[in-house]
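Chemist: Please read through the structure below; I'll follow up with questions.
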Amino acid sequence: MRKDLTSAEIKEISRKKDKKTLIVIICVLLVVCSFFGGFAAGYFADNNLTNSLNWVTSMIDKNYCYYDEETGTYKNFTDEDYADAIVKTLLDKYSDYYTEQEFTDVVYTSLGNNYGTGIYFYIYSEDLSIFAVSGNSPAEKAGMEKGDVIVAGLNESGERINFTDREELFAYINKFKEKEKFSLTVTRKGVEMSFFVQKEVYVESYVYYKDSEKTYAFRADDGSDPEPVELIGGMAELPSDTAFIRLDEFSGGAAEQFAYAMDYMKERGKTKLILDLRSNGGGQMDILTKIASYLVYSENEKRPVIAVSKNKRNVKTYFTASGDNFNRNIKKIVVLADGNTASASECLIGAMAYYKKAFTLDNLVITEHDGKYTTYGKGIMQTTYRNFVTGEGIKLTTDYIFQPDETTTIHGVGFIATEGNGVINESLSVPRALEILAQP
């Protein structure tokens, strides 16, 4: 649900236009084949799907005529184009096809490795409001925040350039070389402020710790793994017994960073926790099971079940906590969520609610999104496969996800805020959490 500002942006837009054209062609061919199905039944009776695909692609290669004015040539499609178009046409929005380079990039970024400014936008909107800022990114280090609206930059002469859309912003950023600083002006709560950022390689961090006196983030330079760094001040509105931990994603070094934050919370003697999962779209299940070990436990199992998946053959897979790291001094946990809290985040909420260790769904605060007070509702899992001959890959929806009871799923529904726990904007989330924590 978010998109970084990289120099590959323009090429990617052009490539996707070509793929959209191919998708339309395949859809038309499918309709035509359906119309003439009875007539051709005898001819195709002995042929399998592979032969049908070979015939369709060969007909396109030999006969499809489309003159590309930008390149001055007739359009031709590669095997990768065909594979991508089939996945986009037939499968759900969570499935995807990757070329060899794209697959390499996916693996690279799943480890937290990134390049760019660290600014992300909501892909279903065209405004210039920042959806997220990556931890340990140039933008985060400069002081830019989620919700900032980018309005302007500076040209070579130091004169202001106002942006009216993302295309203008992308073109501006793409002009600058790696580690060349440039200015971005934003509005934040009606106030303009400017920052100098740059594009560079960085390893993303995913966890922030705060209490009334201390703040810890995870930072590093030159592509090194982020380490805990104490920042100035704390979160003044927190009571002395409460910690606030934000978890942005279940990727990269998130498990190790979360473990550090929870251990530090224990060291500081905090007995109440606000866990911020707002805009956490999920990630990897193995990382989820490590993080869950700090938030649930069972008197009967050393490694309690966190989630259960079931595939089309009704084969179940059990995802269990990596151990029991729960701090028994924790009295109450409140979770903050919103309409972009999804997948592994929802699995974690479901497991915490199932085991009821300092948390119930009455402790879930959800920010309004599209008129609803619910989380995203993604109860399906994707598995990525690689073709080791070609290097390409494919991500497929393979399983439905259930809570530890093996029957409850939130797919298409999400978690719904209980009465009083739906808030209309993010600024009200922490105050509501503090009200819940103050209740006996």
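Chemist: So, of the residues in segment 371-385 that are more than 29 Å from GLU100 (Cα to Cα) and not polar (S, T, N, Q), which turns out to be least open to solvent (accessible area, probe 1.4 Å)?
Modeler: GLY377
Chemist: Could you check how many residues of segment 137-172 are among the aliphatic types (A, V, I, L, M), touching a Lys or Arg at 6+ places or on another chain (Cβ under 7 Å) and closer than 15 Å to PHE121 by Cβ?
Modeler: Residues in segment 137-172 being among the aliphatic types (A, V, I, L, M), touching a Lys or Arg at 6+ places or on another chain (Cβ under 7 Å) and closer than 15 Å to PHE121 by Cβ: 0 in total.
Chemist: I'd like the full set of residues that are of a type in the set (Ser, Thr, Tyr) and assigned to a helix (DSSP H, G or I), limited to segment 347-385.
Modeler: Answer for segment 347-385, where residues must be of a type in the set (Ser, Thr, Tyr) and assigned to a helix (DSSP H, G or I): TYR354, TYR355.
Chemist: Now a separate question. ARG303 versus (1) in a loop (DSSP other than H, G, I, E, B); (2) touching a helix residue (DSSP H, G or I) at 6+ places or on another chain (Cβ under 8 Å): which is the lone unmet condition?
Modeler: Condition (2) is where ARG303 drops out.
Chemist: Can you pull out every residue in segment 386-425 that is open to solvent by less than 30 Å² (accessible area, probe 1.4 Å), farther than 10 Å from TYR373 by Cβ and not in a strand (DSSP E or B)?
Modeler: The answer is GLY391, PRO404, ILE410.
Chemist: For segment 288-309, give me each residue that is buried (at least 23 other Cβ atoms within 10 Å of the Cβ) and of a type in the set (Val, Ile, Thr).
Modeler: The answer is THR289, ILE291, VAL296, ILE306.
Chemist: Next up: Tell me, yes or no, whether segment 66-89 has at least one residue that is free of Cβ contacts under 8 Å to residues at least 12 places away in the same chain, touching a Lys or Arg at 6+ places or on another chain (Cβ under 9 Å) and more than 29 Å from THR398 (Cα to Cα).
Modeler: yes
Chemist: Here is a further query. Taking segment 321-337 on its own, how many of its residues are open to solvent by 10 Å² or more (accessible area, probe 1.4 Å) and either part of a loop (DSSP other than H, G, I, E, B) or in contact with an Asp or Glu (Cβ under 8 Å, 6 or more places away or on another chain) (or both)?
Modeler: Residues that pass the stated criteria total 10.
Chemist: Exactly one condition in (1) within 27 Å of SER251 (Cβ to Cβ); (2) of a type in the set (D, E, K, R); (3) open to solvent by 20 Å² or more (accessible area, probe 1.4 Å); (4) modelled with pLDDT of 95 or more is not met by ASP148; state its number.
Modeler: (3) is the only condition that ASP148 fails.
Chemist: Same structure, new question: Taking the stated definitions as given, is GLY135 surrounded by fewer than 13 Cβ atoms within 10 Å (Cβ to Cβ) and not acidic (Asp, Glu)?
Modeler: Answer is no for this residue.
Chemist: Restricting attention to segment 101-130, report how many residues are more than 24 Å from ASP222 (Cα to Cα), hydrophobic (A, V, I, L, M, F, W, C) and touching a helix residue (DSSP H, G or I) at 6+ places or on another chain (Cβ under 7 Å).
Modeler: The number of residues fulfilling the criteria is 2.
Chemist: State all residues of segment 236-270 that are surrounded by fewer than 18 Cβ atoms within 10 Å (Cβ to Cβ) and assigned to a loop (DSSP other than H, G, I, E, B); if no residue qualifies, say none.
Modeler: Matches in segment 236-270: ALA236, GLU237, PRO239, SER240, ASP241, ARG268, GLY269.
Chemist: Looking for whichever is outside any loop (DSSP other than H, G, I, E, B) and among the polar types (S, T, N, Q) here; the options are SER279, SER298, SER309. Which one fits?
Modeler: Result of the check over SER279, SER298, SER309: SER309.
The values are calculated or read from the model by the stated rules, or taken from the named source; none is laboratory data. No experiment lies behind these values; they were computed from the predicted model shown. Using ideal geometry, Cβ is built from the backbone for each residue, glycine included, and neighbour counts are taken over all protein chains shown. Accessible surface is based on the protein model in full, side chains and every heavy atom, while ligands, DNA and RNA are left aside. Shrake-Rupley method; radii C 1.70, N 1.55, O 1.52, S 1.80 Å.
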